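Each remark here refers to the structure printed beneath this line.
The values are calculated or read from the model by the stated rules, or taken from the named source; none is laboratory data. For clarity, every value in this text was computed on a predicted model and none was experimentally measured. All Cβ positions, even for glycine, are placed from backbone atoms using ideal geometry, and neighbour counts span all protein chains on display.
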Amino acid sequence: MIVTVSMLKQQYANYSNPLDKIRRDADQGIIFRLNRGLYETDRSVDPYLLAAPILSPSYLSFDFALSYYGLIPERTTAITSASLNLRKNRTIINVFGRYEYSDIPASAFSEGLCYIGEGEYIVKIASKEKALCDSLYKWRVVHSIKALKELLFIDKRIDEEEFASCDFALMKRLAALYHRTNLELLIRLIGKEYSDE
């Protein structure tokens, strides 16, 4: 269970110094520090379920989501999330792992999200279409459809069959929210090679 310092202070109100008790519990592995003022009581919780509480607002995206959906072959070492108004990338490391947060435009932030979870833990994750758009927003800029295909399928090793199974109407709608060359090229690529219209 995720607990805040204020919750723990209430729990330890009978102690002469509740903050010392919190520190001792953390040192003894009774509670586990996630970020400033935030702890987890269960060491066995799956680390991805803690990403959003560690830094909010955020949702799982980029390499973590691409791997989750089978769009890239490798498992990721970091739990990557899209964030809002950070102004620069942020990395938080704790006993559960490495958490990386990267901004995307506010216009695209709340679109194309799903929920996953276990027990009392529910987190937001980008749909596979949104994870691709978020990633293309952050990856190096390319200037042609050919270069975009190389970036997707050669450099980033996106699985072409998984890509072909995407909801392209949703992807085009999402891509238009970023106002970035890579996403404009994605819309053109979909229209040229993946559209039934």
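Here are the numbers for the structure shown:
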read-out: Residue list for segment 8-48, filter: hydrophobic (A, V, I, L, M, F, W, C) and loosely packed, with under 13 Cβ neighbours inside 10 Å; value: Ala13, Leu19
read-out: Qualifying position, being over 30 Å from Met1 (Cα atoms), among the hydrophobic types (A, V, I, L, M, F, W, C), surrounded by 13 or more Cβ atoms within 10 Å (Cβ to Cβ) and not assigned by TED's automatic domain parsing to the domain that holds Thr181, among Ala108, Ala51; value: Ala108
read-out: Which listed residue, of Ala126, Ala164, is exposed (fewer than 13 other Cβ atoms within 10 Å of the Cβ), on the phi < 0 side of the Ramachandran plot and among the hydrophobic types (A, V, I, L, M, F, W, C); value: Ala164
read-out: Qualifying residue in segment 57-73 (condition: exposed (fewer than 13 other Cβ atoms within 10 Å of the Cβ) and either within 29 Å of Cys166 (Cα to Cα) or β-branched (Val, Ile, Thr) (or both)); value: yes
read-out: Residues located in segment 181-197, provided they are surrounded by fewer than 19 Cβ atoms within 10 Å (Cβ to Cβ) and either among the polar types (S, T, N, Q) or under 22 Å from the mean Cα position of the chain (by Cα) (or both); value: Thr181, Ser195
read-out: The lone exception for Val142 - which of (1) surrounded by fewer than 22 Cβ atoms within 10 Å (Cβ to Cβ); (2) assigned to a helix (DSSP H, G or I); (3) of a type in the set (A, V, I, L, M, F, W, C) it fails; value: (2)
read-out: Lys149 vs. criteria buried (at least 16 other Cβ atoms within 10 Å of the Cβ) and either out of contact with any helix residue (DSSP H, G or I) (no Cβ under 6 Å at 6 or more places or on another chain) or assigned to a loop (DSSP other than H, G, I, E, B) (or both); value: yes
read-out: Residue in segment 120-141 that is free of Cβ contacts under 8 Å to residues at least 24 places away in the same chain and not basic (Lys, Arg) present; value: yes
